[in-house]
Amino acid sequence: MLSCSEKGRTERVLTVCPYCGTGCGLYLVVEDGHIAGVEPDSLHPVNEGELCVKGYFGYQHVEDPRRLTAPLVKKDGRFTPVSWDEALNFVAGRLTRIRQESGPDAFVLFASARATNEENYVAQKFARAVMGTNNVDHCARL
Amino acid sequence: MTNSIPEISQHTDVIFIIGSNTAECHPLVARHVIKAKERGAKLIVADPRLTEMANKADIWLRVPAGYNISLINGLLHVIVKEKLYNSDFVQNYTEGFDDLEKAVERYTPAYVEGLTGIPQQDLVEAARLFARAKNAAILYCMGVTQFSYGTGTVVSLSNLAVITGNLGRPGTGVNPLRGQNNVQGACDMGCLPNLLPGYLAVTDEGYRARFEKEWHVKLPSKPGLRIPEVADAILGGRVRAAYVFGENPVMSDPDSDHLRHAFEHLDLLVVQDIFLTETARLAHVVLPAACWGEKEGTFTNTERRVQRVRKAVNPPGEARDDWWIFSALAQKMDYGRMNYLHPQEIWDEVRRLVPEKFGGITHSRLEKVRGINWPCPAEDHPGTPILYQGGKFATPSGKANLRPVFFDPVRIPEEVGEFKNALAGKITELPDEEYPFTLTTGRRGYHYHTGTMTRKSWPITQVTPEQLIEINPRDARKLGIEDGDFVRLSTRRGSIAAKAWVTERVPEKTVFTTFHFWEANVNELTVNSTDPAACIPEFKVAAAKVEKITPAEFQAILQEKKKKYLVDLEAEVAGRLKSGRREAHV
Ligand code: SF4
Ligand code: SF4
């Protein structure tokens with residue numbers, strides 16, 4: 001809904017800085033479907049219209065040319081782009097077999113202090129409900 | 001945090017910062033501290049390094065890395081001896097004061113000076129300043145927790161807040177500054193081996209039943225492995241498959257060579273990320289994830305403020321939201337209760353399962369406000385920026401527990417046995433003849449964690465392009481090292497090389513560096529010994545040695561690291577993906 005690829009349109013999307021736990025509010029300035037810059041949220045009670053260097057300039061990774069754009073499976077030691085279906089079938093098959101052979105606790109999941117609440121919730125649900133293990137942790141301690 | 005950030009600039013009279021490089025790591029929290037100072041508040045900073053914050057302090061306590069408990073016990077000693085504590089609060093809302101009083105008896109200012117070198121007068125003044133404040137707030141970070149006795153240190157800080165009555169009111173509290181944007185949320189959502197979402201113990205049958213009903217499965221009751229235990233579990237053959245999403249453990253974990261080695265033994269390593277990170281390069285399968293700015297959902301900051309994050313642009317190529325990937329995989333594995341269409345559905349499931357904390361935080365409310373602090377049990381509940389209001393604590397008795405905490409660098413002090421609730425710690429690896437320095441670790445202001453994101457921003461790489469190892473001028477002189485010389489830094493686990501930064505920022509016999517750069521990743525050197533309760537690795541102290549090396553030696557080490565981290569693979573794969581995409585478009 002908020003993405004916009006129409007030429008010549010500028011939009012400001014309110015969101016939260018992805019770096020430290022301070023959680024400053026900011027606007028992403030979107031031009032022609034690309035992030036053109038960042039503006040601080042002046043109504044946010046924590047950052048009150050200011051940001052640090054990471055908040056201002058840390059968005060450039062989003063459109064970096066090195067972003068991963070296809071699932072990769074290592075075949076003969078070389079990463080090979082494959083379809084989602086092939087990648088997920090491969091993972092599902094291997095996980096099912098390992099669980100059968102060695103039990104649910106032969107699986108561990110490293111969750112992410114960078115991802116959203118919803119994604120972390122779904123990740124631990126995958127470990128607990130699908131795999132059947134409590135082997136899920138993230139780098140809270142690091 | 002027990003309290004919220006804006007309270008600092010509005011209500012706090014004395015701010016005690018310990019083990020937090022706030023100006024560099026949490027700049028917009030530091031801003032509230034500076035605003036408080038402008039209003040006349042006083043600042044006490046305890047840190048081994050002369051950080052920007054220490055520089056602005058009214059009292060700087062230069063505590064050696066690892067000696068926080070001695071310092072805090074010293075403060076408690078003075079406050080108890082001079083009867084500066086809040087006796088009403090202690091009487092009405094706490095238990096265990098007598099034991100605490102006995103336990104800190106020994107930590108006289110003279111004794112603490114002997115242990116830490118902190119001048120007695122400074123300690124006494126800091127104690128008086130803190131105890132006499134109307135509202136005093138404690139801010140801390142990994143400089144407190146990243147020790148094998150980190151839990152003990154946090155408990156001693158809470159002792160300090162409790163006996164002075166600094167909890168449950170605006171501008172007070174014990175406030176951890178969380179390093180990562182959503183580390184709070186990942187904990188809240190149950191990404192912990194012993195806790196379900198909402199901090200509900202997996203060992204509790206009633207809590208499990210709550211989730212079993214919604215999820216339609218029987219849940220395991222045995223707590224799982226913690227990250228620092230994973231490497232040995234893999235090498236011991238107990239773990240065969242690992243799934244890593246949005247983390248880079250071969251850079252960020254302690255004794256990282258050991259973990260990399262373990263990962264190479266896995267039958268299946270799946271890495272889901274936005275770049276081909278150092279960890280992803282080792283994977284069997286890499287799944288491309290959508291990134292911040294490309295997806296909808298919520299983050300929870302260090303104040304427990306749940307906030308909306310929104311999508312601004314589309315993800316590149318075939319990259320997908322993390323929740324979509326897990327849902328699709330679950331369906332392939334014949335689990336039917338993860339078919340989500342939008343993050344809001346997922347959040348509503350969380351609200352249903354943990355109504356006592358998140359029930360009132362709806363997406364539609366979040367559209368109208370800048371976040372809501374949990375606990376927020378109902379839609380007409382305003383949220384809870386301040387915990388423990390009215391002196392009610394989350395203990396069986398409803399009172400705050402005071403627990404004695406002991407520390408000795410060499411051995412666990414014997415007195416521990418005399419108290420029923422006591423905690424104690426010692427340093428795992430002390431400097432010796434061969435490794436005479438104390439190595440401590442952290443971050444730089446402009447970079448973040450393993451550098452996966454910030455090293456892709458040109459303004460940031462321009463100001464902070466490379467790793468530096470901080471060393472005190474007196475030590476440098478003895479070793480013939482000048483500012484900008486190449487040095488090799490080694491511990492019993494490995495060595496790295498970088499330029500020396502000769503600076504008074506670090507005290508004598510201490511060196512400091514970061515884990516932002518694969519070229520010289522300090523986590524190849526750190527100790528993998530952990531706190532028994534929280535399982536936090538002891539990042540902040542290890543015994544190390546420093547040697548001057550030639551530029552040629554530096555280059556040789558650099559090439560070695562480049563090979564080890566498969567550095568060229570990222571560009572190679574990115575190149576192939578790009579040309580592949582172009583072909584697909586034609
Ligand atoms: S702008 Fe700076 S202080 Fe604010 S959340 Fe981002 S990194 Fe943290
Ligand atoms: S690097 Fe360490 S000290 Fe700095 S914010 Fe992160 S956790 Fe805190």
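The values are calculated or read from the model by the stated rules, or taken from the named source; none is laboratory data. None of these values were measured; they are calculated from a predicted model. Cβ coordinates were reconstructed from backbone atoms using ideal geometry, including for glycine residues, and neighbour counts include every protein chain displayed. Calculation scope for accessible area: heavy atoms of the full protein, side chains included, ligands and nucleic acids excluded. Shrake-Rupley method; radii C 1.70, N 1.55, O 1.52, S 1.80 Å.
Things worth noting here:
- Test item: A:48-58 mean partner chain Cβ contacts at 10 Å: 6
- Summed over both chains, the accessible area lost when B and A associate is about 11500 Å², using a 1.4 Å probe.
- Each of B:PRO355, B:ASN166, B:ALA283 was placed along the dipole of the protein assembly as shown (beta-carbon charges, centred on the mean Cα), and the one lying farthest toward the positive end is B:PRO355.
- Distant alpha-carbon pairs in segment B:285-438 (separation over 18 angstrom), percent: 74
- Probe 1.4 Å, all protein chains present, accessible-area order of B:TYR565, B:TYR388, B:TYR435, largest first: B:TYR388, B:TYR435, B:TYR565
- For segment A:2-63, the calculated P(r), taken from all Cα-Cα distances in 10 Å bins from zero up to the bin holding the longest distance, is 24, 52, 22, 2 percent.
- Accessible surface, segment A:72-139, averaged per residue in Å² (probe 1.4 Å): 29
- Relative contact order (%) - criterion: Cα under 8 Å, at least six apart; region: chain B: 15
- Shielding by partners for peptide B:341-350, expressed as the average number of C-beta atoms from other protein chains within 10 Å of each residue's C-beta, is 3.
- Segment B:204-347: C-alpha gyration tensor shape, a/c 1.5 cut-off, then a/b vs b/c: oblate
- Helix A:84-102 axis, angle to chain A major axis (alpha carbon atoms, nearest 10°): 50
- Where chain B is the region considered: accessible area per residue in Å², 1.4 Å probe: 36
- A DSSP coil position with no more than 15 other Cβ atoms inside 10 Å describes the following GluC sites (Glu not before Pro) in segment B:26-126: B:GLU82, B:GLU105.
- Highest average packing first - A:83-90, B:213-220, B:162-169, Cβ atoms within 10 Å: B:162-169, A:83-90, B:213-220
- Calculated on the alpha-carbon coordinates, the convex hull of the protein assembly as shown measures out at 156 cubic angstrom per residue.
- Solvent-accessible surface (1.4 angstrom probe) belonging to B:TYR111, in square angstrom, nearest 10: 70
- Peptides ranked, highest mean first, by Cβ atoms within 10 Å: ranges B:307-316, B:222-231: B:307-316, B:222-231
- Three-way shape call for segment B:1-78 based on the alpha-carbon gyration tensor, with the a/c threshold at 1.5: prolate
- Sulfur and carbon atoms: percent of accessible area, chain B [1.4 Å]: 51
- Pairwise alpha-carbon distances in segment A:72-139 exceed 15 Å for 62% of all pairs.
- Antiparallel DSSP beta bridges within chain B, percent to nearest 5: 40
- Cα gyration tensor, chain B - rounded (a/c under 1.5), prolate or oblate: oblate
- Relative contact order, percent, segment A:2-63 [alpha-carbon distance under 8 Å, six or more residues apart]: 27
- Shielding of peptide B:564-576 by partners, expressed as the average count of other chain Cβ atoms within 10 Å per residue Cβ, is 2.
- Peptide ranges A:93-105, B:186-198 listed from the most packed, as the mean C-beta count within 10 angstrom indicates: B:186-198, A:93-105
- Counting only DSSP beta bridges with both residues in the protein assembly as shown, the antiparallel share comes to about 50 percent.
- In percent, rounded to a whole number, the relative contact order of segment A:72-139 is 27, using alpha-carbon pairs under 8 Å and six or more apart.
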